[in-house]
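None of the figures in this text is laboratory data; all of them are computed from the coordinates on show. Keep in mind that what you see is a predicted model, and the values were worked out from it rather than measured. Every residue, glycine as well, gets a Cβ built from its backbone with ideal geometry; the counts of neighbours run over all protein chains shown.
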Amino acid sequence: MNESFSNNVWREILKKIGLDLLCVAVHYSKRYENSDKFIENKSDEEIKNYAYYLKNSNPSVIVSEFGNKYIISGANNIQIEWKNLHFLWKQFLSNSNLPNIIYSNSLKNLLKESYNYNETTDSFIGITSKYLPIQSDFIKFWDSSIQFISNEYNNAFNHELEIDEISSLFKSWTKSKSDIVSSNGNISDENVLKILKHFFPNIEIIEDKYVLNITCLLWDKNSEIEQSFEYIKTQIKTSTTLQSLISFDDAYNHYYKYCNMNSHKSVVSKRYFEKYLYFKLSEYIVYERFIETSWVQN
């Protein structure tokens, strides 16, 4: 199908949807005057309660609900640092589909009214949470396994880890550290992103997917790609139809087979693999996505 024709069709469909939506909105606006009257007349109790939650609840009530769901009272030898408790609050808002309705200082003061607070350690005493182990373990993993690459070194090659790679590496790490962790390492990519943004606000994250200027001690991505080069060269040399060029796609397929043959648990993304090719084999790359097979002689 012609691309311009397809775009025109979609434009007309969207116009039709927009006009229909506008007409329906005008109809209900005239019929019910405002959204409150529409909810009162047309919605069931569950929708009413959700729509009016903020209207019918003051900050103290909402913080109390947060405490009932996320906080467990215990002995005075346990505590939660404020930064951890603040993160739990953000989780509560996200899981409840609520906006950020209370400034952090106001939230802290409301929590002080219900729980003992130690100014010196910036911690709330005698409380814990069932949601704490996973974030606590992740921070241990991050501090012990992640290294930051200096900008000076990064001028040569921009290292990065993808969020899903970090999730997988964390799970592997917890299995090897069962004596010091409290969780099973099962963590969603979304939760990893939230933890990074909250506890490590200075790291650079692109498109909520790529964490820049870091490497992991558990997985040297670049070394594995380098090691696969010899296998790729061998495959090119032994090919029955030796070509003058090899595509990026074929090179990545060879890399993937190499990883499977060597039982590598992690495999770099095609995007990262190609980025490394541009960095390492730039003098052999032609037509943007092909490598001259003269490379195999080096």
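Quick one: which of 252-258, 275-281 comes out on top by average Cβ neighbours within 10 Å, and what's the full order, highest first?
252-258, 275-281
Once label points are set 7 Å from the Cα along Cα→Cβ at both SER96 and GLU113, what is their separation, rounded to one decimal in nm?
Output for this residue pair reads 1.5 nm.
Tell me, how many Å apart are the Cα centres for segment 224-253 and for segment 60-101?
Here the two parts' Cα centres lie 54 Å apart.
With no solvent and one point per C-alpha, what does the Debye sum give as log10 I(q)/I(0) for segment 194-298 at q = 0.20, 0.23 Å⁻¹?
Cα-only, vacuum Debye calculation for segment 194-298: -1.06, -1.29.
Which order, highest average first, do 98-104, 264-270 follow once you tally other Cβ atoms within 10 Å for each residue and take the mean per peptide?
264-270, 98-104
Quick one, can you get me the convex hull of the C-alpha atoms of segment 57-128 expressed as volume per residue in Å³?
Normalising the Cα hull of segment 57-128 by residue number yields 78 Å³.
Cross-chain or 8 or more residues apart, Cα under 22 Å: how many lysine pairs in segment 221-297 fit that? Count them up, please.
The result is 18.
What distance in nm lies between label points placed 7 Å from Cα along the C-beta direction at THR121 and SER176?
Result for the modelled spin labels: 3.1 nm.
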